[in-house]
Amino acid sequence: MNKFFFIILFLIQFSSYAQIDSTHVFKQNQQKSFLKQSIVPLSLIGTGLFINYSTGSFGKENLQEKIQNSFPDFNTSADEFLLYIPALTMYAADIFKVKSKNDIFTQTKYLAIAGIANNLITIGVKNLTKEDRPNGWVHYSFPSGHTSNAFVMATVLHHEFIDSSPWLAYSGYLFATTTGILRVLNNKHWISDVLVGAGIGILVTDLVYRLEPLKNWNPFKNKKISTILSPTYFENSIGLYANIRF
């Protein structure tokens, strides 16, 4: 299998492990600047930009051609739902009373704020660059929205459970990384789209948790919340049923 494919897979996979390590370092030094904390996402964005605008061996077209030659006719729809697993994992952990940094409302609040900010940035860049996808679809390839949203959810999960359940906190990056890889293998995105998307998702979410917007806003703080979460199956479709009572 082509050596360039392994190099890019390493870059994407590195994002999950490096982000984990950066959080431990941050815990050891509370005075660490946000710029230093952001080395990983900024490196991903920088690497993605380099690949996106390079020509030759490490240009996005050349890399994509080598990947597609290594995995001809690869096709899966798993990337359409894997990105949501980190968020579902977080809520499942809440149901089973796993200790988290914040309550379920604050988790949802930060997830929503990070998600909105991430999509505003991602969609804005897509409309600004208007780059075609590798499969020939017109415009809106750069950066990958699926990947950026996957890393938003993974990073929220990471922040919420890194102190109480590290293995749970780490798990989200596995699904986010897999989402990005599948977007490339499905020929829906260039490597550069995925790397920049991952960097944006991590950076935006880290910033939300650093600034803690609307920190004290919780209209349900003094109310008991009960949650029921269960899988559903209807007309050959798998879904999820959620019932939250305040």
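Sites listed here are trypsin sites (Lys or Arg not before Pro) in the range 117-213 whose DSSP assignment is loop and whose Cβ has at most 13 other Cβ atoms within 10 Å: Lys130.
Among the chymotrypsin sites (Phe, Trp or Tyr not before Pro) in the range 128-178, those located in a DSSP loop and surrounded by at most 14 other Cβ atoms within 10 Å of their own Cβ are Trp137.
Taking Cα centre as origin and charging only the Cβ of basic (Lys, Arg, +1) and acidic (Asp, Glu, -1) residues, the dipole magnitude of the range 3-216 rounds to 400 debye.
Each reported figure results from applying straightforward, stated rules to the coordinates on display, with no laboratory input. From a predicted model like this one, the values you see are computed outputs, not experimental measurements. In this analysis, Cβ positions are derived from the backbone assuming ideal geometry, glycine residues included, and neighbour counts consider all displayed protein chains.
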